[in-house]
Structure formats: structure tokens, C-alpha cells
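Visitor: Dropping the structure in here first, questions after.
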Amino acid sequence: MNNKLENLQINIKKSLDYVVDLDNIISTTYPFLQPSEKALQIYGMLLAVRNLDELLKEAQSLQKLFIPNVTNLKLVEARKALLGVLQHLVLSNCCDEICYVADNCSTPVYGSRQIVEEENAALRYPTREHHVDYTAARRLLIDESTGNYAQLESIIRSINERLDSLLEDVKRLRHDKVVRMDRMGKMKDYYLQHFWENDRQLLVKRVTSELSSKKNLTELEVLNMLLQDIVLDKETNRSNIHLGSLNHHWEDQEMVAGMMVEHSEKLTVGDMMEHFKYIESMKFITHHINAKMLLVPCSQYQGKLFVNEAAHEFAKLIRSAVARYVGFENKINAAFFFYALRDTGLVYDNENNAKLMAEFMSDEYGEEISSDTLTRPLRKCNGWSFCKINETQLRDFTANEFEKYKDTYWRCFSIINKVLQLGNLDCAEYLKWLHPVIETNHVFDRLDEAQLLRLYYLSGVLRRESLLF
């Protein structure tokens, strides 16, 4: 758990203990103290409960982000203790106006000036403390004692209201699944914002160390072993069987949230952060493994067309968008789709693979395109990628030819780059913006949700975002 939460919990516990300790002192000594001492005790208690109230106010705000009890207090017992403090203060007559009663006189003296003079005259204070600053401070505390008591009583009631609110929150979480799941999402967001980056860096260091020490194994073998170790360690947590159970059922977050409420006295905010650490670490390594497998060279089409499996799958998933917004009624459009795949790094650009691209177009797009149709325009690029050609650098194209082909290529390039987002690609200025038609339309609306998520995942893999290092 991060220092903020841990320190808050420690300070709340210490603050409550301090209030209870002060109450014990006041309960046994207040009736026998001199006026200045009584006033100081009341003020001291006011400062103590004010501090506790501020800490619980912060906890109450944080509680909106968590299922476990943020305070780490036993709330019912804490409320009972504070009600006891209030009762003891009343029984000790702390609410009464402070007065002075001499040892040999039964007539009380009221008024801070006269009380301080009586205390000084009785030699209860050394001469140096008869100074105006000392007496002014004592008089102020005596004058304000009834007001200070009223404040501390009000604050204790406010604290109990906060504790009541926290107890009511426990009930809501227990009985309302919607509230519970909303809180679960907020806890995860809190973890990702405050913990994950540090945990991720530590995980990368651990992976690097494992790879260095097991050089006889492949990277994927080491990662799979590490993943198994993490699962075994976190799901058989002998020091906290409840946390181990949460980790075991991590895929069913509704169940986890219910278990979190059910075992709220045994599980802490720190436990939940460990739970999310387990999930994110496991997902991170799994994504890396999956990404590495998708980035292996594509064996299909003689291994000379798509640079890796991710690129091959990506090209298949964008079929509906390309067919809809580009189309192949004019067969030469396929050439510019081919070039766009090459220029964005999805297809090898140093292989004689136009015939293989023609096979792919037939297999996946249902279009019969000759390899000559795919390569004919490319010859006029004169060694350049089409993405670098513009109106001032036409190579062997005429201005009319470039204008004719530009829109088709721009559409193909934009469909790919709408999700691939290759911001650092060396290309003509116009390609740094999506084609207006592609930009303003949801061009992948013919994909179902799973396919769309897969497309974005593949894009991340192709950008190397899923890799540990």
C-alpha cells in the first residue's frame, strides 16, 4: 500500500488512541485541577478531536474509492469509544463554566482576571509566569473554555456521524451489487494510477533477471515459467488465504467484490492493491507472450508477404473497411492497397511478392487481381515508397496520374493508420492527416465488438506496446 494510505491509517489509529488516553486522564483528574489546568485540558482535547475529525474526513472521502474499510478501525468499537468520551466529559462537568475555589472558602470565584489573580496569589505559579503574556494566555483559555467545550462536543458528534456514514457504506456495499461493482472499478483505477507503473518496472526487472540467469531457455519458456510461479504464489497465499481466494477467482470480478465485502474484516485496502497487482502482472506477462507469438514471422505465403502473424491478421480484419471505402471495381485500386500495406510496414518491401499478394487478395478478399496489375503503378515510383511522393516530388508519375491515384492510396493508408497510428512515419504531408471520409466515419462498424477489440489489440502489438521491453 502506498505511503499516503498507510500513513493515514497509522495517524487515525494514533489519533483515536490519543483522544481515549486524554479522556482517561481528564476523567480521573479534571475535578481536582486548578482553573488554568482545566482550561488547558479542554483546549488540548479540542485540538485532539479536531485532528481526528480531519483525518476521518480524509478517510471518508477516500472510502468512496474502496470496498475495504479505509480507516482500518473497528468502526462500531470506535464509535462506542467516542460516545464514552463524550459521556465522561459530561460526568466530569467539563461543560460547566470554570471557577476558582480557595481551600478555605466555599464561595466560587468567576471571571478570568480574578481567577488568575487568585491562582497567582496562592503561589501556584512562579513569579516569572505572572508576566502579562502568561496571564493573558491563561485568561484566554479560561474565557474560551465553555466555547471550546461546545466545539469539542460538536466535533465528537461530527466524528460519530462520519463513523455512521462509513458503517452505512458497508451496508450499501453488502446489499447493492451496482454500488459494489462501481467501487470495484474505482479501486482498480486507483491502483493503476498510483501503483501500477512502479510494479510494472519491478516486474520488468524481475523478468530481465530471470532471462539473464536462464540463458539455456528461450524467452517464451522463461516467461511461461515466471507466469506459472506468479499464479502459484498468489493463488496459494498461505499467509492470507482470503487474498489467495480472491486471486484464484480473479476472472469473476463480481465474485471477488462479493468476497471482499463478506471478508471485509480480514481483507484490507493493501490486500486489494496486491490483488490488482496480481491481475495486471499476469495480464502484462500474458500480453507479452501473446505479442511475441504474434510478432513471429508469418509462415503463410512462403513467408515472404506479411512481416509477422499480427500483420497478416490485421490485413484480414480491415477487409470490410477497405472493400467499402476503396473497393476493387477498378482493379488497380488493389495496387495502392498493396503499397499502403508495404509503406506501413505490414508487408515486406524487399521481396518479389506481388504474386503472393494476389493470392492473399483472392483468399481473403475474394478478388482476382493479377500480379502485373499490382506492380504496374509501382514502377513509376522509381525506387521510392508511394507514401513519400507528392505534387512536388512526382518521380515518374505525371501530375494527372498522381492526382488520379492519390485519393485511392490516401484512403487505404488512412484505413490502416486510423488504428495503427504510425505518427513517426516518413511520408508526404497530406498523409499526416486521415482522409476526410475515413476520419469522419466509423469505418470498422461492420466488425463485431470482439473483432474490433482484436483489431485494436493487434495495432498495439504492431506498435510494440504489449512488450515488456
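Visitor: List, please: which pairs have Cβ atoms under 9 Å, are six or more places apart or on different chains, and start with a residue in the stretch 97-122 that is closer than 22 Å to A150 by Cβ and end with one that is surrounded by fewer than 16 Cβ atoms within 10 Å (Cβ to Cβ) and among the acidic types (D, E)?
Guide: Y110/E97
Visitor: Quick one: in the stretch 35-57, which of the residues that are closer than 24 Å to P108 by Cα and of a type in the set (S, T, N, Q) is surrounded by the fewest Cβ atoms within 10 Å (Cβ to Cβ)?
Guide: Q41
Visitor: On to the next question. Any chance the stretch 348-355 includes a residue that's touching a Ser or Thr at 6+ places or on another chain (Cβ under 7 Å), farther than 30 Å from E221 by Cα and acidic (D, E)?
Guide: No; the residues of the stretch 348-355 include none that is touching a Ser or Thr at 6+ places or on another chain (Cβ under 7 Å), farther than 30 Å from E221 by Cα and acidic (D, E).
Visitor: Which of the residues that make up the stretch 420-469 are aromatic (F, W, Y) and closer than 30 Å to K205 by Cα?
Guide: Y456, Y457, F469
Visitor: Another question about this same structure. Considering only residues that are in contact (Cβ under 8 Å) with a residue 40 or more places away in the chain and among the β-branched types (V, I, T), which ones fall in the stretch 68-96?
Guide: V70, T71, V76, V85, listed by residue number.
Visitor: I'd like to verify a number: residues in the stretch 6-24 that are more than 10 Å from N72 (Cα to Cα) and at pLDDT 95 or above, how many?
Guide: 12
Visitor: What are the residue pairs meeting all of these: first residue in the stretch 337-356, first residue farther than 14 Å from I318 by Cα, second residue of a type in the set (F, W, Y) and part of a helix (DSSP H, G or I), Cβ atoms under 6 Å, and 6 or more apart or on different chains?
Guide: Cβ pairs passing all conditions: Y339/F386; L356/Y301.
Visitor: Which members of the stretch 190-217 meet the condition of being surrounded by 12 or more Cβ atoms within 10 Å (Cβ to Cβ), of a type outside the set (D, E, K, R) and outside any helix (DSSP H, G or I)?
Guide: Those that are surrounded by 12 or more Cβ atoms within 10 Å (Cβ to Cβ), of a type outside the set (D, E, K, R) and outside any helix (DSSP H, G or I): F195, L217.
Visitor: List, please: which pairs have Cβ atoms under 9 Å, are six or more places apart or on different chains, and start with a residue in the stretch 225-246 that is on the phi < 0 side of the Ramachandran plot and in the same structural domain as E274 (by TED's automatic domain parsing) and end with one that is surrounded by fewer than 16 Cβ atoms within 10 Å (Cβ to Cβ) and in a loop (DSSP other than H, G, I, E, B)?
Guide: If the second residue must be surrounded by fewer than 16 Cβ atoms within 10 Å (Cβ to Cβ) and in a loop (DSSP other than H, G, I, E, B), the pairs left are M225/K214; M225/L217; N240/K266; I241/K266; H242/K266; L243/K266; G244/T236; G244/R238.
Visitor: Quick one: what pairs do we get from the stretch 307-320, first residue assigned by TED's automatic domain parsing to the domain that holds T344, second among the charged types (D, E, K, R) and assigned to a helix (DSSP H, G or I), C-beta under 8 Å, 6+ apart or different chains?
Guide: E313/R454; A315/E364; K316/E364; L317/R454; R319/E364
Visitor: Kindly indicate whether E265 is of a type in the set (D, E, K, R) and closer than 24 Å to L5 by Cα.
Guide: So E265 passes the test.
Visitor: Confirm whether A315 is among the small types (G, A, S) and touching a strand residue (DSSP E or B) at 6+ places or on another chain (Cβ under 8 Å).
Guide: Answer is yes for this residue.
Visitor: If H130 satisfies every condition in (1) out of contact with any Lys or Arg (no Cβ under 7 Å at 6 or more places or on another chain); (2) within 20 Å of G84 (Cβ to Cβ) but one, which is the exception?
Guide: The single condition H130 does not satisfy is (2).
Visitor: With L123, L140, L152 as the choices, which residue is farther than 22 Å from V70 by Cβ and at pLDDT below 90?
Guide: Just one listed residue meets the conditions, L123.
Visitor: If you take the residues of the stretch 362-373 that are of a type outside the set (D, E) and surrounded by fewer than 21 Cβ atoms within 10 Å (Cβ to Cβ), which of them is farthest from G327 (Cα to Cα)?
Guide: Out of the qualifying residues, it is S371.
Visitor: Taking the stretch 232-248 as the search range and keeping residues that are outside any helix (DSSP H, G or I) and of a type in the set (S, T, N, Q), which one is surrounded by the fewest Cβ atoms within 10 Å (Cβ to Cβ)?
Guide: The extreme case among them is S239.
Visitor: Could you list all residues from the stretch 141-179 that are closer than 18 Å to D23 by Cβ and under 39 Å from the mean Cα position of the chain (by Cα)?
Guide: Q151, L152, E153, S154, I155, I156, R157, S158, I159, N160, L163
Visitor: If I go through the stretch 330-341 residue by residue, how many of them are more than 14 Å from D407 (Cα to Cα) and crowded, with 22+ Cβ neighbours inside 10 Å?
Guide: 2
Visitor: Being farther than 30 Å from F284 by Cα and not in a helix (DSSP H, G or I) is true for just one of D407, D445, D396. Which residue is that?
Guide: Going through D407, D445, D396 in turn, just one is farther than 30 Å from F284 by Cα and not in a helix (DSSP H, G or I): D396.
Visitor: Of (1) modelled with pLDDT of 95 or more; (2) closer than 30 Å to A136 by Cβ; (3) among the charged types (D, E, K, R), E77 satisfies all except one. Which?
Guide: Failed condition: (2).
Visitor: Right, A358: among the small types (G, A, S), in a helix (DSSP H, G or I) and within 27 Å of N441 (Cβ to Cβ) or not?
Guide: It is false that A358 is among the small types (G, A, S), in a helix (DSSP H, G or I) and within 27 Å of N441 (Cβ to Cβ).
Visitor: Moving on to the next point. Among the numbered criteria (1) modelled with pLDDT of 95 or more; (2) under 21 Å from K13 (Cα atoms), which one does N69 miss?
Guide: Every listed condition holds for N69 apart from (1).
Visitor: State all residues of the stretch 421-440 that are farther than 24 Å from I332 by Cα and either in contact (Cβ under 8 Å) with a residue 24 or more places away in the chain or assigned to a loop (DSSP other than H, G, I, E, B) (or both); if no residue qualifies, say none.
Guide: Q421, L422, G423, N424, L425, D426 - these are the residues of the stretch 421-440 that are farther than 24 Å from I332 by Cα and either in contact (Cβ under 8 Å) with a residue 24 or more places away in the chain or assigned to a loop (DSSP other than H, G, I, E, B) (or both).
Visitor: From the list N72, N7, which residue is assigned to a loop (DSSP other than H, G, I, E, B) and assigned by TED's automatic domain parsing to the domain that holds A150?
Guide: Result of the check over N72, N7: N72.
The values are calculated or read from the model by the stated rules, or taken from the named source; none is laboratory data. What you see is a predicted model, and the numbers here were worked out from it, not measured in a lab. A quick note on method: Cβ atoms are made from the backbone with ideal geometry, for glycine too, and the neighbour counts reach across all protein chains shown.
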